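The values are calculated or read from the model by the stated rules, or taken from the named source; none is laboratory data. Just so it is clear, the structure is predicted and the values come from calculations on it, not from any experiment. Counting neighbours? That spans all protein chains shown, and the Cβs are built from the backbone with ideal geometry, glycine included.
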DNA sequence: TAGTTGGTAATCATTAATGATAATCGAAAA
DNA sequence: TTTTCGATTATCATTAATGATTACCAACTA
């Protein structure tokens, strides 16, 4: 269902934001490390997109986390 | 680039195929359960696409696995 | 005041994921 | 032989993720 998809997007966005803020990394710094624009990072954290595996992998790598840490207990 | 997108795609495709075959589920059955075509499941398992989080979530759900099981120790 | 920092939002172009259909193949029956 | 099953590949259309730019905001702060 569309609602499930949206909730999933919101959940992953919040998870990424939480992990980023725990490390005191600005959006723009993480974005730059992942090689995308800060505006796109904001969009992702706001749950407005359904990120691809590769996007998630880049974020995990730059947060020094295994990929599964991004999705454990996510919804 | 630190990681290779194509290798990531191949790895997730192989992982999904492995988990599906362990359960003796045909591609077309899993595809139907996830609500996409068998041809698209073949494409995904062949590592020809970079699946979205939502696509992975549907597959995990229909394999009766937590999402993280799809990505643990993946590359 | 002006300038910086961290973040948000709108928009547009490009790329790629996905939806969908059809053709094909090998193997195993029947 | 023909049929069925599981899978693969190709193709095309549609949708959405991503790339990129711009403008804006609030809170500092020199």
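A few notes on this one:
- Search result, residues across the range B:29-38 that are under 13 Å from the mean Cα position of the chain (by Cα) and near DNA strand D (Cβ under 9 Å from one of its atoms): B:30, B:31, B:38
- Checking the range A:2-10 against the condition returns a match, with at least one residue being out of contact with any helix residue (DSSP H, G or I) (no Cβ under 9 Å at 6 or more places or on another chain) and modelled with pLDDT under 95.
- Residues of the range A:36-57 classified as assigned to a helix (DSSP H, G or I) and within 21 Å of residue B:13 (Cβ to Cβ), total: 5
- Hits in the range B:8-35 (condition: more than 14 Å from every other protein chain (Cβ to nearest Cβ), outside any helix (DSSP H, G or I) and within 12 Å of DNA strand C (Cβ to nearest atom)): B:26
- Yes/no for residue B:47 being at positive phi and surrounded by 15 or more Cβ atoms within 10 Å (Cβ to Cβ): yes
- Selection of the range B:39-57 for residues being within 7 Å of DNA strand C (Cβ to nearest atom) and more than 14 Å from every other protein chain (Cβ to nearest Cβ) yields B:39, B:40, B:43.
- Qualifying residue in the range A:58-66 (condition: more than 11 Å from chain B (Cβ to nearest Cβ), part of a helix (DSSP H, G or I) and either more than 14 Å from DNA strand C (Cβ to nearest atom) or under 19 Å from residue B:12 (Cβ atoms) (or both)): yes
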